[in-house]
Amino acid sequence: MTKEKYIRDNLRKTLCYKCGASLERAEIVPISNEASNVWVAHAVCPKCKAESMVTITPTGNGIVPVQSDLKGTEFKKFVGIKSVSYDEVLDLHIALKKDRIWNLLQKKEKNLVKRRKA
Ligand SMILES: [Zn+2]
């Protein structure tokens, strides 16, 4: 099975958190590294336009609502991860559950500022 088909298959089984539609035809912006065996993407529901982060891993799939005005591509820029480990995806997943995405991004920005000053 090609990776693309694998992802499509998994997206079909992933349902929108808001309206329950399959995300097979969702607008997808992949965020994870190509070579990584975990796949993270920003998805926009084809039906209700609800935004979410989808993770597809060998051990299961997840979906977390995203509440922000950022577009998928902008989100990718903010996250700015070159390669994603399984632990990092879990961290992101847990963080997204706890916090609104906008708060996370603001924290990330602050960290970047700190690093630049150091
Ligand atoms: Zn939906």
Across the stretch 1-47, what is the total count of residues that are of a type in the set (Val, Ile, Thr) and either loosely packed, with under 13 Cβ neighbours inside 10 Å or more than 21 Å from Val66 (Cα to Cα) (or both)? 1
The residue that is surrounded by the most Cβ atoms within 10 Å (Cβ to Cβ), considering only those in the stretch 48-59 that are among the hydroxyl-bearing types (Ser, Thr, Tyr) and either within 12 Å of the ligand (Cβ to nearest atom) or in contact (Cβ under 8 Å) with a residue 24 or more places away in the chain (or both), is Thr55
How many residues does the stretch 3-46 hold that are among the β-branched types (Val, Ile, Thr) and either within 16 Å of the ligand (Cβ to nearest atom) or touching a Lys or Arg at 6+ places or on another chain (Cβ under 8 Å) (or both)? 5
Which one of these is within 16 Å of the ligand (Cβ to nearest atom), of a type in the set (Gly, Ala, Ser) and modelled with pLDDT under 90: Gly72, Gly80? Gly72
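The values are calculated or read from the model by the stated rules, or taken from the named source; none is laboratory data. Source: prediction; values computed, not measured. Glycine gets a Cβ as well: all are built from the backbone with ideal geometry, and neighbour counts include every protein chain shown.
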